[in-house]
Amino acid sequence: MAKVVVAMSGGLDSSVAAALLKKAGFEVIGVFMKLADLPKFRESEKRAKKIAKILKIPFLVSDLRKEFKKRIVDYFLEGHKKGITPNPCVVCNKEIKFGLLLEKALALDADFIATGHYAKKKEELNFSTGVEKVNYKLLKGGDKNKDQSYFLWMLNQEQLKRVLFPIGDYTREEVKKLAKKFKLPVLKARKSVEICFIKTTLGEEDKSSSSPFAKARVNDFLSKYLKSKPGQIVDVRGKVLGKHRGLHFYTIGQRKGIGLPGGPYYVLNKDLKKNLLIVTKNEKDLYKKELIAKNVNWISGKTPKPPFKIKAKIRYRHKASPANIYHLKPNTYHLVFGKPQRAITPGQSVVFYRGEELLGGGIIC
């Protein structure tokens, strides 16, 4: 019987993932990752423990607060300090869920770890070297509206070898039905928010990353840890329009919260050396056809020979768009889109698809 450690958050998706694995005959161990000293983590831990008891599986708590602070929270703060907009969830998947948790699973003699991600893994035999070898591919989840493969582009073959995505073939509605079937009390659980370590008391309708209320919470968090350096807001011609609070409070494409009369204005760029926030009234100025991606990871472990065509996403809710990709230097690539893309944002992830397969990705710079 194969042993699997399930990352249990106390939410719908990971709870159903654990139930499906138990039903399939795996020896299942539930592990809750304690990442921060916040009420929502304490509530989630209680709920995860309750779910494990219902499923009659062992339950462990892994205290990763120190590592999470160093590897994820500090990464998030350093990125904003440099004026970029980092994506902590991507790094958390690599460093925490499929890094430290995988290490813990192997220490428990587990064969796999499993999560509640809406993504799929495919195994293919490769005989190109004359020796049978298994290649692992990462595919989009079955629910196109919930597909979370975007957040997994940093994974490698060794990690994928040990990963299971039990709900990858299901839609969100099917997962809800399974929760009812397994009699799991998770349907009224609070939805997870995009940045889990930022305290929020907002209603669920205000928790999307595009919500001005969610942006306000991020800014409150940044104000607590980063020193503000006010500067001038200028237009594309250099005309001074007003003052900004500090460049780390703004992101490319932002419209609300700039504080200028006679708008709307959009954040177009940041001049870090001169501490200038550059804005425009013309939304078309936000559309660009090119970007540079650094720290590029290819999930196959092999670097394809560019140039070649892919479809790329520049943010999670962005529609993948055709692009040509060119190699510049080690782990750095130049992407040219067929059509201009709105608000290409330094620090965010750009990921590469071919059909349903996630080939890899990089950090926009």
Just one of the numbered conditions (1) within 23 Å of Q148 (Cβ to Cβ); (2) touching a helix residue (DSSP H, G or I) at 6+ places or on another chain (Cβ under 7 Å) is not true of L77; which one?
-> (1)
Counting only residues that are more than 23 Å from K144 (Cβ to Cβ) and either touching a residue at least 12 places away in the same chain (Cβ under 8 Å) or within 19 Å of the chain's Cα centre (by Cα) (or both), how many does the range 306-334 have?
-> 12
Which of the following residues is in contact (Cβ under 8 Å) with a residue 24 or more places away in the chain and within 25 Å of the chain's Cα centre (by Cα): I258, I299, I278?
-> I299
Would you check if there is a residue in the range 100-120 being in contact with a Pro (Cβ under 8 Å, 6 or more places away or on another chain), surrounded by fewer than 17 Cβ atoms within 10 Å (Cβ to Cβ) and on the phi < 0 side of the Ramachandran plot?
-> no
Got at least one residue in the range 241-263 being of a type in the set (S, T, Y), buried (at least 19 other Cβ atoms within 10 Å of the Cβ) and in contact with a helix residue (DSSP H, G or I) (Cβ under 7 Å, 6 or more places away or on another chain)?
-> no
Residues (under 24 Å from G79 (Cα atoms), part of a strand (DSSP E or B) and of a type outside the set (S, T, N, Q)) located in the range 225-265 | G231, I233, V234, K243, H244
For the range 157-209, name all the residues that are at pLDDT 95 or above, closer than 20 Å to L102 by Cβ and buried (at least 18 other Cβ atoms within 10 Å of the Cβ).
-> Q159, L160, R162, V163, L164, F165, P166, I167, G168
Can you tell me which residues in the range 171-191 are among the β-branched types (V, I, T) and in contact (Cβ under 8 Å) with a residue 60 or more places away in the chain?
-> V175, V186
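The values are calculated or read from the model by the stated rules, or taken from the named source; none is laboratory data. Predicted, not measured: the structure shown is a model, and the values here were computed from it. As a convention, Cβ positions derive from the backbone with ideal geometry for all residues, glycine included, and neighbour counts pool all protein chains shown.
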